[in-house]
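Enquirer: What follows is a single structure, and I will ask about it in a moment.
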Amino acid sequence: MNYPYQLQSFEAYLAAYQKSIQDPEGFWAEVAENFTWQKKWDRVLEWNFQDPKIEWFKGAQLNMTENCLDRHLATRGNEPAIIWESNDPHEQHRVLTYQELHFKVQQFANVLLNNGVQKGDRVCIYMGMIPELAIATLACARIGAIHSVIFGGFSAQAIADRLEDAGAEFIITCDGAYRGAKAIALKSVIDDALVGNKTIKCVIVCTRTRTPVSMSKGRDVWWEDEIKKVETMGNPKVEPATIDAEDILFILYTSGSTGKPKGVVHTTAGYMVWTNYTFVNTFQYQPGQVHFCTADIGWITGHSYIIYGPLSAGATTLMFEGVPTWPDAGRFWEVVEKFKVDILYTAPTAIRSLMACGLEPVKGKDLSSLKVLGSVGEPINEEAWHWYNEHIGQNRCPIVDTWWQTETGGVMISNLAGITPAKPSYATLPLPGIQPCLVDENGVEIEGNGVNGNLCIKFPWPGMIRSTYNDHERCRQTYFSTYQNLYFTGDGCLRDEEGMYRITGRVDDVLNVSGHRIGTAEVENAINMHACVIESAVVGYPHDIKGQGIFAYVIIEGKNQDLESLQKEIIQKVNEVIGPIAKPDQILFVPGLPKTRSGKIMRRILRKIAEGDISNLGDTSTLLDPSVVDQIIKLAR
């Protein structure tokens, strides 16, 4: 498969970028011609940022799986689509060709249909990183059901909230999942999440760990039994359903600055074109290469760059069930060597944790197949960039430092591997179609280079968020109301003298922990559920491995508490309500919090104290009780 829209020189990038700004509709129509459409579009783009209302390829009809599977069968049917490497290095890996994946997706689409799933139904998927997760996702897309994948580390309460918000009627899960040395029971978490649930009609359970589970009669069925039923029917074909361009493909929940997670809505046509275009160009993918994205499919990175981007491009995508440091810190490098990986796309957190293990695990590993390295989730610090470049890329692989979000669907600002300039710790330049701007607090655009501001986008791109599920007003408020006629990213940004962009971190009340966004309000709500807690405030602080750690300031009832036990109980409560991903790294019990007279917590002061920088706390005289700050500083020492 060739990619006529792949940019192969800096000059080609500049020309494409210029065209994408001057004639966006013409530019994207040309790219979209390279896909399979059941019906072509009437209009490439209609939009306004007030509602907001964004429609790409309006009037077109298509099916995502026809573009990810069917259209590759004639040319790549016997080529590997998915390579799966188990958590256990001794377990046999699996390879699914495009032909086999196409067959298995239809087979499971039959299972869904047999169990009453219809077009438009919401299907929650809570599974480990096994091929069946990709098969389930694609089977939903095949029949037009809306999938909502939930990361396997979330708690029962977090799942229950998401099920309720999505109005999900079906769940696909596993008995358990392997993660390093642990087997995690998934089905029992689902059982807990379903206590009191009135909407779920069917739970399909795939066998992975052979963890004992309880099956609810009339509701729970085994994946394997359902597949046997389809086999006895003769494996009927499931033709790709006709999907309108703006029909919802999936909902993915992400943290916001309020306690309630928000369901980011991505539709079909624009997301398909965007993930494919950004995949092919950012990584400079060549047919036959092995692309290894180490993310979990429970996050947007896994959706876009394990499943939809690579498969729509006819690529070979590698899924890994394990973790980078188990059974030892050489695991990634073994996988690279074993499958002759060409592209490695991972998170700065993983790179920093592997750096901390020294160079011994890298020694003797053949990394000569690597051609492109990538970084995702948060800005990569310079030290990690140089280590990655020198010891993994051996100074010969471009590193693409990609900036994007759940809401953007795919890469927004990044160097293109070997085509556009790279700069350590900089995302560098926008992809064609992306019009970034920096604004001050009043929304006034900051022109020129060598400036800092809040990062906004001026014009729609095909992969962007369409809504927040069942709450369009929240979408408007969060992304489109801060600055008029702009999409607000929530990130601060620097544009250097050469016009290169560097993301400087969140400017709202959202943390970026190990590349995953976690709302401070969400963590505070969980902490406040503990019976002894009166109030809490959560901020981020620099963390050597995670990038940002979670620092919690907590006010408790009574003075004669066992603080050590209380700390453990609070962490346990956060684990129960959200999941281990959100547990505080540090908890400080304090007598009060610095508040303005209107009752707003001054997080800026708490951030400085958490960072150990009390030299410039600014004017504290306007606080309701300025003495609280001195008390907190004494306790923090």
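Only the coordinates and a few stated rules stand behind these numbers; no lab work does. Just so you know, these numbers come straight off a predicted model, no measurement behind them. For neighbour counting, all protein chains shown are included, and Cβ atoms are generated from backbone atoms with ideal geometry for every residue, glycine included.
Enquirer: Between M215 and D23, what's the calculated FRET efficiency when r is the beta-carbon distance and R0 is 60 Å? Round to 0.05. Intermediate values should be presented prior to the final figure.
Expert: Working: r = 57 Å, r/R0 = 0.95.
Approximately 0.60, to the nearest 0.05.
Enquirer: For the residue pair D630 and S565, what label-to-label distance in nm results when each label sits 7 Å from Cα along the Cα-to-beta-carbon direction?
Expert: Taking the two extended label points, one gets 3.4 nm.
Enquirer: At a threshold of 8 angstrom on Cα-Cα distance, excluding pairs fewer than six apart, so keeping six or more, what relative contact order does the chain reach in percent? Display every interim value, and only then the final one.
Expert: Working: 1370 pairs, mean separation 80.0, N = 637.
Contact order relative to length: 13 percent.
Enquirer: Could you check what % of the DSSP bridge pairs in the stretch 67-241 are antiparallel, to the nearest 5? Before the final figure, lay out the partial values.
Expert: Numbers: 8 of 24 bridges.
DSSP beta bridges in the stretch 67-241 are roughly 35 percent antiparallel.
Enquirer: Please report the relative contact order for the stretch 10-58, taking Cα pairs under 8 Å with a sequence separation of at least 6, and give it as a percent rounded to a whole number.
Expert: Answer for the stretch 10-58 is 24 percent.
Enquirer: Each residue of the stretch 350-362 in turn: what ³J(HN,Hα) in whole Hz from Karplus with 6.51, -1.76, 1.60 and θ = phi - 60°, glycine and Pro shown as x?
Expert: For the stretch 350-362, the Karplus-derived couplings read 5, 4, 5, 5, 6, 4, 5, 8, x, 8, 3, x, 7 Hz, x marking Gly and Pro.
Enquirer: Follow-up. Starting from the alpha-carbon convex hull of the stretch 511-580, give the projected area averaged over all orientations, in nm². Display every interim value, and only then the final one.
Expert: Values: hull surface 18.5 nm².
With the hull built on Cα positions only, its mean projection is 4.6 nm².
Enquirer: Still on this structure, I have one more. Please tell me which of these pairs span more than 30 angstrom C-alpha to C-alpha: K119/K340; K182/K338; K187/K559; K119/K217?
Expert: From the list (K119/K340; K182/K338; K187/K559; K119/K217), the Cα-Cα distance tops 30 Å for K119/K340; K187/K559.
Enquirer: Right, next: Hey, can you grab everything whose amide H is under 5 Å from the amide H of G505? Only 5+ residues off in sequence or another chain; H modelled, so Pro and N-termini drop out.
Expert: G492
Enquirer: For a 19 Å ceiling on Cα separation, which of these pairs sit above it: K58/K104; K365/K423; K19/K458; K423/K546; K568/K608; K104/K228?
Expert: Working: K58/K104 31 Å; K365/K423 27 Å; K19/K458 16 Å; K423/K546 22 Å; K568/K608 25 Å; K104/K228 12 Å.
With Cα atoms farther than 19 Å apart: K58/K104; K365/K423; K423/K546; K568/K608.
Enquirer: Also, quick follow-up: Place +1 on the Cβ of every Lys and Arg and -1 on the Cβ of every Asp and Glu in the chain, take the dipole about the Cα centre, and give the residue among A16, A183, T267 whose Cα lies farthest towards its positive end.
Expert: A183
Enquirer: Given contacts defined as C-alpha pairs under 8 Å and at least six residues apart, what's the relative contact order of the stretch 510-636, whole-number percent? If you can, show how the numbers build up before the last one.
Expert: On the way: 191 pairs, mean separation 28.4, N = 127.
This gives 22 percent for the stretch 510-636.
Enquirer: Next up: Would you give the gap between the C-alpha center of the stretch 316-367 and the C-alpha center of the stretch 462-481, rounded to a whole Å?
Expert: 37
Enquirer: In addition: Would you give the gap between the C-alpha center of the stretch 502-535 and the C-alpha center of the stretch 1-56, rounded to a whole Å?
Expert: What the calculation gives is 37 Å, centre to centre.
Enquirer: Would you order T520, T75, T406 from fewest to most other beta-carbon atoms within 10 Å of each residue's own beta-carbon?
Expert: Values: T520 25, T75 12, T406 20.
In increasing order of surrounding Cβ atoms, one gets T75, T406, T520.
Enquirer: Which loop trypsin sites (Lys or Arg not before Pro) in the stretch 38-146, with loop taken from DSSP, have no more than 16 other Cβ atoms within 10 angstrom of their Cβ? Please report the intermediate quantities before stating the final value.
Expert: Details: sites: K39, K40, R43, K53, K58, R71, R76, R94, K104, K119, R122, R142; in loops: K40, K119.
In loop regions of the stretch 38-146 (DSSP not H, G, I, E or B), the sparsely surrounded trypsin sites (Lys or Arg not before Pro) are K40, K119.
Enquirer: Per DSSP H run of n ≥ 4, the term is -39500 (n - 2.57); total these for the chain, divide by its residue number, and report the mean residue ellipticity at 222 nm rounded to 500 deg cm²/dmol.
Expert: The helix-only estimate for the chain comes to -8000 deg cm²/dmol at 222 nm.
Enquirer: Need one number: % antiparallel among DSSP beta bridges in the chain, to the nearest 5. Walk me through the numbers on the way to the answer.
Expert: Numbers: 59 of 97 bridges.
Beta bridges within the chain, antiparallel portion: roughly 60 percent.
Enquirer: Okay, next question. Find how many whole Å separate the alpha carbon centroid of the stretch 382-451 from the alpha carbon centroid of the stretch 150-203.
Expert: Measuring centre to centre over Cα atoms gives 36 Å.
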